[in-house]
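The values are calculated or read from the model by the stated rules, or taken from the named source; none is laboratory data. Values in this document were obtained by computation on a predicted structure and should not be read as measured data. All Cβ positions, glycine included, derive from the backbone under ideal geometry; neighbour counts span all protein chains shown. Heads up: the accessible areas ignore ligands, DNA and RNA and are worked out on the full protein's heavy atoms, side chains in. Shrake-Rupley method; radii C 1.70, N 1.55, O 1.52, S 1.80 Å.
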Amino acid sequence: MKKIFNLFLFLGIALVATSCFEDNRVTWQGAVLEFDQTVTTTPALGVNYPIITTTRGATIRTRINLVGAQRPNDEVITVSVDPASTGREGVHFNMRNGGRVTIPANSSFGFLEVDVLNPPPAPGTNVVFVFNIEGNENLKPSQNYRRIGFRLNL
(Lines give C-alpha, C1' and ligand atoms only; values in the text may rest on other atoms or scores of the structure.)
Protein backbone atom coordinates (compact mmCIF):
# COMPACT_ATOMS: atom_id res chain seq x y z
CA MET A 1 0.00 0.00 0.00
CA LYS A 2 2.83 2.37 0.86
CA LYS A 3 4.53 1.65 -2.50
CA ILE A 4 1.35 2.47 -4.42
CA PHE A 5 0.95 5.70 -2.46
CA ASN A 6 4.57 6.67 -3.20
CA LEU A 7 4.07 5.88 -6.90
CA PHE A 8 0.98 8.08 -7.14
CA LEU A 9 2.71 10.82 -5.16
CA PHE A 10 5.71 10.74 -7.54
CA LEU A 11 3.46 10.83 -10.66
CA GLY A 12 1.44 13.70 -9.17
CA ILE A 13 4.53 15.76 -8.44
CA ALA A 14 5.92 15.08 -11.94
CA LEU A 15 2.62 16.14 -13.52
CA VAL A 16 2.36 19.34 -11.49
CA ALA A 17 6.02 20.29 -12.01
CA THR A 18 5.93 19.96 -15.80
CA SER A 19 2.53 21.52 -16.39
CA CYS A 20 3.83 25.02 -15.56
CA PHE A 21 6.52 25.24 -18.27
CA GLU A 22 5.92 27.77 -21.01
CA ASP A 23 6.50 26.94 -24.66
CA ASN A 24 9.76 28.86 -25.22
CA ARG A 25 10.66 27.55 -28.67
CA VAL A 26 12.77 30.01 -30.60
CA THR A 27 11.86 30.27 -34.27
CA TRP A 28 13.83 32.12 -36.90
CA GLN A 29 11.81 34.53 -39.00
CA GLY A 30 14.38 35.38 -41.69
CA ALA A 31 15.26 33.80 -45.03
CA VAL A 32 18.55 33.38 -46.92
CA LEU A 33 19.77 31.78 -50.13
CA GLU A 34 22.53 29.19 -50.48
CA PHE A 35 24.03 26.85 -53.05
CA ASP A 36 23.04 23.33 -52.04
CA GLN A 37 26.44 21.84 -52.92
CA THR A 38 28.27 24.34 -50.70
CA VAL A 39 26.48 22.88 -47.70
CA THR A 40 27.18 19.26 -48.59
CA THR A 41 30.67 19.52 -50.14
CA THR A 42 33.93 20.36 -48.38
CA PRO A 43 35.52 23.68 -49.40
CA ALA A 44 38.54 23.51 -51.68
CA LEU A 45 42.02 24.14 -50.36
CA GLY A 46 42.66 27.84 -49.80
CA VAL A 47 39.09 29.05 -50.42
CA ASN A 48 35.86 28.95 -48.44
CA TYR A 49 33.72 27.32 -51.15
CA PRO A 50 33.84 23.99 -52.99
CA ILE A 51 35.31 23.65 -56.47
CA ILE A 52 33.68 20.87 -58.47
CA THR A 53 35.26 19.43 -61.60
CA THR A 54 33.18 19.54 -64.77
CA THR A 55 33.72 18.44 -68.38
CA ARG A 56 33.56 20.06 -71.80
CA GLY A 57 30.08 20.29 -73.25
CA ALA A 58 28.38 19.53 -69.92
CA THR A 59 25.36 21.34 -68.57
CA ILE A 60 25.76 22.30 -64.94
CA ARG A 61 22.49 22.37 -63.03
CA THR A 62 23.13 23.39 -59.44
CA ARG A 63 20.38 23.89 -56.89
CA ILE A 64 19.88 27.09 -54.92
CA ASN A 65 18.07 26.64 -51.61
CA LEU A 66 15.69 29.09 -50.00
CA VAL A 67 16.31 28.65 -46.28
CA GLY A 68 13.26 30.03 -44.54
CA ALA A 69 9.54 30.27 -45.18
CA GLN A 70 8.38 29.62 -48.73
CA ARG A 71 7.14 32.65 -50.64
CA PRO A 72 3.60 32.98 -52.08
CA ASN A 73 5.00 34.49 -55.32
CA ASP A 74 7.85 33.61 -57.65
CA GLU A 75 11.19 35.09 -56.56
CA VAL A 76 13.70 35.95 -59.28
CA ILE A 77 17.24 36.17 -57.93
CA THR A 78 20.52 37.08 -59.58
CA VAL A 79 23.72 35.02 -59.71
CA SER A 80 26.92 36.71 -60.86
CA VAL A 81 30.38 35.59 -61.95
CA ASP A 82 32.98 36.23 -59.26
CA PRO A 83 35.88 38.51 -60.33
CA ALA A 84 38.35 35.87 -59.08
CA SER A 85 37.18 33.46 -61.81
CA THR A 86 39.79 32.43 -64.35
CA GLY A 87 37.11 31.07 -66.67
CA ARG A 88 35.33 33.64 -68.85
CA GLU A 89 31.70 33.78 -69.84
CA GLY A 90 31.31 33.31 -73.58
CA VAL A 91 34.69 31.54 -73.81
CA HIS A 92 34.46 28.74 -71.26
CA PHE A 93 30.77 28.81 -70.22
CA ASN A 94 27.41 30.52 -70.75
CA MET A 95 24.93 31.17 -67.96
CA ARG A 96 21.36 30.50 -69.03
CA ASN A 97 18.84 33.31 -68.50
CA GLY A 98 21.65 35.80 -67.91
CA GLY A 99 22.25 34.49 -64.41
CA ARG A 100 18.65 34.99 -63.32
CA VAL A 101 17.19 32.11 -61.31
CA THR A 102 13.51 31.72 -60.46
CA ILE A 103 12.40 30.12 -57.21
CA PRO A 104 8.77 29.23 -57.93
CA ALA A 105 5.96 30.20 -55.58
CA ASN A 106 5.53 27.79 -52.63
CA SER A 107 8.91 26.17 -53.33
CA SER A 108 12.27 26.12 -51.58
CA PHE A 109 14.48 25.52 -54.64
CA GLY A 110 15.62 27.12 -57.86
CA PHE A 111 18.30 25.96 -60.31
CA LEU A 112 21.22 27.78 -61.86
CA GLU A 113 21.95 26.31 -65.28
CA VAL A 114 25.30 26.83 -66.98
CA ASP A 115 26.40 25.45 -70.34
CA VAL A 116 30.09 24.51 -70.38
CA LEU A 117 31.57 25.32 -73.78
CA ASN A 118 34.26 23.47 -75.69
CA PRO A 119 37.23 25.88 -75.71
CA PRO A 120 40.49 25.05 -77.53
CA PRO A 121 42.58 22.44 -75.72
CA ALA A 122 45.53 23.55 -73.60
CA PRO A 123 46.90 20.39 -71.98
CA GLY A 124 47.94 20.71 -68.36
CA THR A 125 45.92 23.85 -67.69
CA ASN A 126 42.52 24.47 -66.20
CA VAL A 127 40.13 27.32 -65.52
CA VAL A 128 37.83 27.83 -62.58
CA PHE A 129 34.58 29.71 -62.80
CA VAL A 130 33.06 30.89 -59.52
CA PHE A 131 29.49 32.04 -59.06
CA ASN A 132 28.05 34.33 -56.36
CA ILE A 133 24.42 34.51 -55.30
CA GLU A 134 23.43 38.17 -55.28
CA GLY A 135 19.76 37.64 -54.34
CA ASN A 136 17.13 40.34 -54.79
CA GLU A 137 15.47 43.06 -52.69
CA ASN A 138 13.61 40.45 -50.59
CA LEU A 139 16.15 37.64 -50.29
CA LYS A 140 19.83 37.94 -49.44
CA PRO A 141 22.50 35.23 -49.69
CA SER A 142 23.97 33.34 -46.77
CA GLN A 143 27.47 34.75 -46.28
CA ASN A 144 28.94 31.27 -45.74
CA TYR A 145 27.27 29.46 -48.65
CA ARG A 146 26.90 32.09 -51.37
CA ARG A 147 29.78 30.97 -53.64
CA ILE A 148 30.53 27.84 -55.66
CA GLY A 149 33.28 27.06 -58.16
CA PHE A 150 33.63 24.72 -61.12
CA ARG A 151 36.94 23.56 -62.61
CA LEU A 152 37.30 22.81 -66.31
CA ASN A 153 40.45 21.01 -67.40
CA LEU A 154 41.60 22.32 -70.75
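Taking only protein heavy atoms and a 1.4 Å probe, the accessible area of the stretch 107-154 is 49% carbon and sulfur. Relative to the longest principal axis of the Cα atoms of the chain, helix 2-18 runs at roughly 50 degrees. Sites listed here are GluC sites (Glu not before Pro) in the stretch 21-110 whose DSSP assignment is loop and whose Cβ has at most 12 other Cβ atoms within 10 Å: Glu22. The sum of -39500 (n - 2.57) across all DSSP H runs of n ≥ 4, divided by the residue count of the chain, sets its helix-only mean residue ellipticity at 222 nm to -4500 deg cm²/dmol.
Which whole-number value in Å² is the accessible area per residue of the chain, probe 1.4 Å? Accessible area per residue, the chain: 63 Å².
For the chain, the relative contact order works out to 30 percent when only alpha carbon pairs closer than 8 Å and six or more residues apart are counted. Pairwise Cα separations in the chain fall into 10 Å bins from 0 onward with the following percentages, short to long: 10, 32, 23, 10, 7, 7, 6, 3, 1, 0.
Comparing Phe129, Leu9, Ala105 along the charge dipole axis of the chain, the residue lying farthest to the positive side is Leu9, per the Cβ-charge model.
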